[in-house]
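This report refers to the structure that appears directly beneath it.
Readers should treat all values here as calculations from the given coordinates under stated rules, not as data from a laboratory. Bear in mind the structure is a predicted one, so any value in this text is a computation, not a measurement. Every residue, glycine among them, receives a Cβ derived from its backbone with ideal geometry; neighbour counts consider all protein chains shown.
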Amino acid sequence: MLQIKNLHANINGKEILKGLTLTVKPGEIHAIMGPNGAGKSTLASVLTGNPAFEVTHGSVSFHGKDLLELAPEQRANEGIFLSFQYPVEIPGVSMVNFMRTAINEQRKYRNQDPISATDFLRLMREKKELVEMDNKLTSRSVNEGFSGGEKKRNEIFQMAMLNPSLSILDETDSGLDIDALRIVANGVNKLKNADNATIVITHYQRLLDYIVPDFVHVLYDGRIVKTGDKNLALELEDKGYDWIKQEVEA
Amino acid sequence: MAENILHEVTQADYKYGFTTDIETDIIPIGLNEDVVRLISAKKKEPEWMLEYRLKAFRHWLTMKMPEWAHLKIPEINYQSISYYAAPRTNGPKSLDEVDPELLKTFNKLGIPLEEQMALSGIAVDAVMDSVSVKTTFKETLAEKGIIFCSFSEAVEHHPDLIQKYMASVVPITDNFFAALNSAVFSDGSFVYIPKGVRCPMELSTYFRINAINTGQFERTLIVADEDSYVSYLEGCTAPTRDENQLHAAIVEIIVMKNAEVKYSTVQNWYPGDKEGKGGVYNFVTKRGICKGENSKLSWTQVETGSAITWKYPSCILQGDNSSAEFYSVAVTNHHQQADTGTKMIHLGKNTRSHILSKGISAGVSNNSYRGLVRVGVNAENARNYSQCDSLLLGDKCGAHTFPYMEVNNETAIVEHEATTSKISEDQIFYCNQRGISTEDAVGLIVNGYAKEVLNKLPMEFAVEAQKLLQITLEGSVG
Ligand SMILES: Nc1ncnc2c1ncn2[C@@H]1O[C@H](COP(=O)(O)OP(=O)(O)OP(=O)(O)O)[C@@H](O)[C@H]1O
Ligand SMILES: [Mg+2]
C-alpha cells in the first residue's frame with residue numbers, strides 16, 4: 001500500500017532524509033528504531049505532508065496514488081493517520097466538535113452524508129472504551145491541559161475514531177505509564193486487521209512485546225540502514241546503536 | 001509559508017455587496033443649516049425636533065474629530081456627502097405597498113419581511129438608507145402595549161416619550177459624531193416595553209446602506225420600564241463600493257428598576273477590499289443607563305465589518321445593585337482598523353460589571369481594545385472584572401489593549417486580565433492531519449476562541465455569526 005523510493009527531504013535547507021526506501025504491505029506492522037535526530041519524526045512529517053519540510057528527491061505512492069501530490073488533509077482522508085510525538089493543544093475547540101468535524105470531512109471526501117448525532121455518540125462511546133479513555137477528557141478542549149500520557153492516549157482514541165488504513169505511531173509509548181502502555185497497545189492490536197498497516201516508531205523494545213512487528217528497521221542518518229525481524233529490536237536493546245554506526249561507516 | 005496559508009484563508013469575498021436598483025430620493029451633497037431644515041421638512045417633523053437638530057448642528061460646528069483612537073482616519077470631507085436618501089416608495093406601510101425590489105433585497109439578506117415567512121419569534125424593523133421600510137409584527141406587539149416602530153413614527157405618534165428620553169443618555173454635546181448624528185439623523189428604531197411586560201419575541205433592526213455617496217445616521221432608542229425584559233438585535237450590511245461611506249449612529253438604552261435589556265449586534269458593514277479600497281467608516285455612540293435598582297443591561301457585539309470601527313457600547317450603572325455586561329468579538333482582516341471597547345461607569349452601590357473582549361486580527365489590520373472602568377465615590381462595593389484576549393493570525397497585524405481605571409471608592413474591586421495568542425502552524429497542521437482543511441481549521445479555532453461571546457447571542461444569530469467569523473477570515477491563516 002505504501003512505497004517510498006529514494007526519498008530525500010530538507011528542513012530549512014538542511015537535508016534530513018537522504019535516500020530512504022521502504023515498502024509497507026497491507027496487514028504488516030513495521031517498527032522503526034534509530035538514534036535521536038536520525039530522521040524518524042521527519043519521515044512521519046513528510047509522509048503526512050507537513051509543509052515545513054521540502055521533498056527534494058524520490059517518490060512515495062500510497063494505494064497507487066502519488067502521495068506527494070496531495071495536500072495534508074487529502075492524505076489524511078485517504079487513510080493516513082499520524083499519532084504525533086508531541087500532540088498540540090487547541091484551546092477552545094472541544095474534542096467532540098473536533099472529532100465530529102474530522103469524521104465529517106472524511107465522509108465528505110468519500111461522498112458520504114454527515115454522520116448522525118446518535119451514530120456519532122455511539123462511535124465515541126465505543127472507541128473511548130477501546131482505549132479506556134476518561135469521559136472528562138473528551139468533554140475538554142483538544143489536548144488542553146492533558147498530561148503527557150493523556151495526550152498519547154487521545155491520539156490512539158482519534159486513530160480508533162478515524163479507522164485509518166495506515167497508522168504511523170511516533171513514540172506513542174513515551175510518557176505512558178505501564179498500565180496505560182498495555183491498554184493503548186491492546187487498543188492498537190484490536191484495530192489491526194489484514195487490510196491496514198502500522199508503522200511504529202519507538203526507542204524501546206518493551207512496546208514491541210505488545211505490538212509485535214513483522215519487520216524492524218534501523219533508521220540512521222536519513223536512511224534505513226538495516227532491516228530484520230523482531231529479534232533485531234532485542235539485539236538493539238542489548239547492544240545500542242554503535243555497532244550499526246560502525247557497520248554503516250565502514 | 002505561514003503567509004501562504006494565511007493568505008488563502010482570508011481571501012473570501014463579501015457576500016452582501018450587491019446593490020438594489022431602486023428609485024431613490026436623494027438630496028444634494030453638502031451640509032449646512034438649510035440641509036438640516038430640509039431633512040426635517042422631508043420627514044414632516046414638529047418644530048421641537050427641528051430645534052433639537054439645529055442646536056446639535058450649531059454645536060457640531062464648534063467641534064473637532066476625536067484623535068485619541070488608535071486609528072488612521074483619512075480626512076473626511078463632510079461637504080461631499082449626501083445626508084438624506086430614501087427609496088422613492090417612502091414611509092413604512094402595509095406589505096403590499098412596499099416596493100417588491102425592497103422585499104427582494106431584504107430576502108436576499110436573509111431578512112424576509114412577510115410575517116408568515118419571517119424568522120420565528122423575531123420582529124424586524126428594516127431600514128434602507130435613511131428610512132424605515134417596514135416593521136413586522138407591530139400589531140402583535142401592540143397587544144401587550146409594546147411599542148416597536150421606526151424612529152420617525154415615534155416622533156409623530158409618541159412625542160412625549162421621545163422628548164422625555166431622547167438625548168437623556170447621549171446628549172448632543174457628547175462627542176463629534178453624536179452631535180453630527182443629532183443634527184442629521186434619518187431614521188432608526190424606537191422600542192418601549194411597558195411595566196411588567198416580558199417582550200415575547202426578539203426585536204431586531206436591520207440596517208442597509210444602498211445609495212451611493214450617502215451617509216447613514218440612524219438612531220435607536222430603547223426604554224425598558226420597571227420589571228420588563230427585552231432582547232434586541234441589530235444587523236447591518238452595505239454594498240461593495242470603491243468610495244468610503246460614513247455611518248454615525250446613536251443608540252440609547254434606558255433600563256428602569258428590575259428591568260433587563262439584552263442588546264446584540266452583528267456588525268457586517270462592507271469592510272473594503274483586500275487592498276483597503278472602499279469600506280464603511282463606522283463611528284457609533286452606544287450607551288445605556290441602568291437607572292433603577294436591580295436593573296441589568298448587556299451588550300453583545302460581533303464586529304466583522306467596516307473599514308474603520310470606532311465604537312464603545314457603554315453603561316452607566318446608576319441604580320443600586322444594577323449590573324452590566326459587555327461581550328465582544330471584533331475581527332479585523334486586510335486593512336481594517338478597529339478601536340472598540342466599552343465604558344462602565346459605576347455610580348450606585350453594589351453595582352457589577354463584566355467585560356469580555358475577544359479581538360482577532362489578520363492581514364495587515366489593527367485591532368484595539370479600549371475600555372474604561374470608573375467607580376464613583378458613592379459606589380460602595382462596586383465590582384468589575386475585565387478580560388481582554390487577542391488572537392493574532394499572521395505577523396503583520398496588530399493587537400493593542402488600552403484599559404483605563406478610575407477607582408474613587410476603596411471598597412471597590414476592579415480586576416483586569418489580558419492575553420495574546422497566535423494560531424500556530426502546528427495547530428493548523430494537526431487539524432490538517434485529521435482531514436480538516438486549513439480554512440475549516442481556522443474557522444474551528446477562531447470560533448472556539450470566540451465561543452464564550454457567541455454563546456451570548458440569540459440562537460438563530462449565533463450560527464450566522466459563526467459562519468460570518470469564518471468567512472471574514474477566509475484566506476488568512478497558516
Ligand atoms: N525546524 C527544524 N529546523 C532545523 N532542524 C530541524 C528542524 N526540525 C527537525 N530538525 C532536525 O532534523 C533532524 C531529524 O529530526 P527528527 O525529529 O526527525 O529526529 P527523530 O529521529 O525523530 O529523533 P527523536 O528520536 O529524538 O525523536 C534533527 O537533527 C533535528 O534537529
Ligand atoms: Mg522523533
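Out of residues 5 or more away from B:Ser365 or on other chains, whose amide H comes under 5 Å of its own, with H placed 1.01 Å from N in the peptide plane?
Placed amide hydrogens put B:His334, B:Gly398 under 5 Å from B:Ser365.
Under the definition of Cα pairs under 8 Å and six or more residues apart, what whole-number percent is the relative contact order of the range A:1-117?
Relative contact order here is 24 percent.
Please list, in order along the range A:95-107, the HN-Hα scalar couplings obtained from phi with the Karplus expression 6.51 cos²θ - 1.76 cosθ + 1.60 (θ = phi - 60°), rounded to whole Hz, x for Gly and Pro.
Along the range A:95-107, the couplings run 3, 4, 5, 4, 5, 5, 4, 4, 4, 5, 5, 4, 5 Hz.
Kirkwood Rh, the protein assembly as shown, all Cα pairs: how many Å?
Values: mean 1/r = 0.0350 Å⁻¹.
After inverting the mean inverse Cα-Cα distance, the result is 28.5 Å.
For the pair A:Arg140/A:Val55, report the inter-label distance in nm, with labels modelled 7 Å from Cα in the Cβ direction.
Spacing of the two 7 Å Cα→Cβ label points: 3.6 nm.
Place a +1 charge on the Cβ of each Lys and Arg in the range B:261-324 and a -1 charge on the Cβ of each Asp and Glu, then give the dipole magnitude about the Cα centre in debye, rounded to the nearest 20.
Numbers: 8 positive and 5 negative charges, 17 e Å.
Here the size comes out at about 80 debye.
Where Rh is the Kirkwood radius over the Cα pairs of the range B:136-218, the temperature 37 °C and the viscosity 0.692 mPa s, what D in µm²/s does Stokes-Einstein return?
Details: Rh = 14.4 Å.
Reported coefficient: 227 µm²/s.
What's the long-distance tail for chain A, i.e. % of Cα pairs beyond 29 Å?
29 percent
Among A:Val46, A:Met1, A:Ala102, pick out the residue whose Cα is farthest towards the positive end of the charge dipole of chain A, where Lys and Arg carry +1 and Asp and Glu carry -1 on C-beta, about the Cα centre.
With unit charges placed on the Cβ atoms, the residue in question is A:Ala102.
I'd like the GluC sites (Glu not before Pro) in the range B:369-451 restricted to DSSP loop residues with at most 12 other Cβ atoms within 10 Å, sorted by number. Numbers along the way, then the final one.
On the way: sites: B:Glu380, B:Glu406, B:Glu410, B:Glu415, B:Glu417, B:Glu425, B:Glu439; in loops: B:Glu380, B:Glu410.
Passing sites in the range B:369-451 are B:Glu410.
Which listed residue (B:Thr342, B:Ile29, A:Leu219) has the Cα farthest towards the positive end of the charge dipole for the protein assembly as shown, taking +1 on Lys and Arg C-beta and -1 on Asp and Glu C-beta about the Cα centre?
Projecting each Cα onto the dipole axis, the largest value belongs to B:Thr342.
Computed FRET efficiency, Cβ-Cβ of B:Lys144 and B:Asn378, R0 30 Å: what is it to the nearest 0.05? Present the calculation step by step, with values, prior to reporting the outcome.
Numbers: r = 36 Å, r/R0 = 1.21.
For R0 = 30 Å, the calculated efficiency reads 0.25.
Report the calculated FRET efficiency for A:Thr21 and B:Thr19 (r = Cβ-Cβ distance, R0 = 56 Å), to the nearest 0.05.
That pair, A:Thr21 with B:Thr19, gives E of 0.35.
Pick out, from B:Ser361, B:Thr351, B:Leu391, the residue whose Cα sits farthest towards the positive end of the charge dipole of the range B:326-478, with +1 on the Cβ of Lys and Arg and -1 on the Cβ of Asp and Glu.
Result: B:Thr351, furthest along the dipole toward the positive end.
Taking the Cα centre of the range B:323-411 as origin, sum charge times position over the Cβ atoms of Lys and Arg (+1) and Asp and Glu (-1), and report the length of that vector in debye to the nearest 20.
Dipole size: approximately 120 debye.
Across the range A:50-188, how many lysine pairs, 8 or more positions apart or on different chains, have C-alpha atoms separated by under 18 Å? Please give the number. Don't skip to the answer; put the middle values down first.
Details: A:Lys127/A:Lys136; A:Lys127/A:Lys151; A:Lys127/A:Lys152; A:Lys128/A:Lys136; A:Lys128/A:Lys151; A:Lys128/A:Lys152; A:Lys136/A:Lys151; A:Lys136/A:Lys152.
Taking the range A:50-188 as the scope, the lysine pair count is 8.
Please list the non-local residues whose amide H lies under 5 Å from the amide H of A:Leu82, H modeled 1.01 Å from N, same-chain partners needing a gap of 5 or more.
For A:Leu82, the qualifying residues are A:Ile168.
Size of the dipole of the protein assembly as shown about the Cα centre, Lys and Arg at +1 and Asp and Glu at -1 on the beta carbon, nothing else charged, in debye to 20?
Roughly 480 debye, rounded to the nearest 20.
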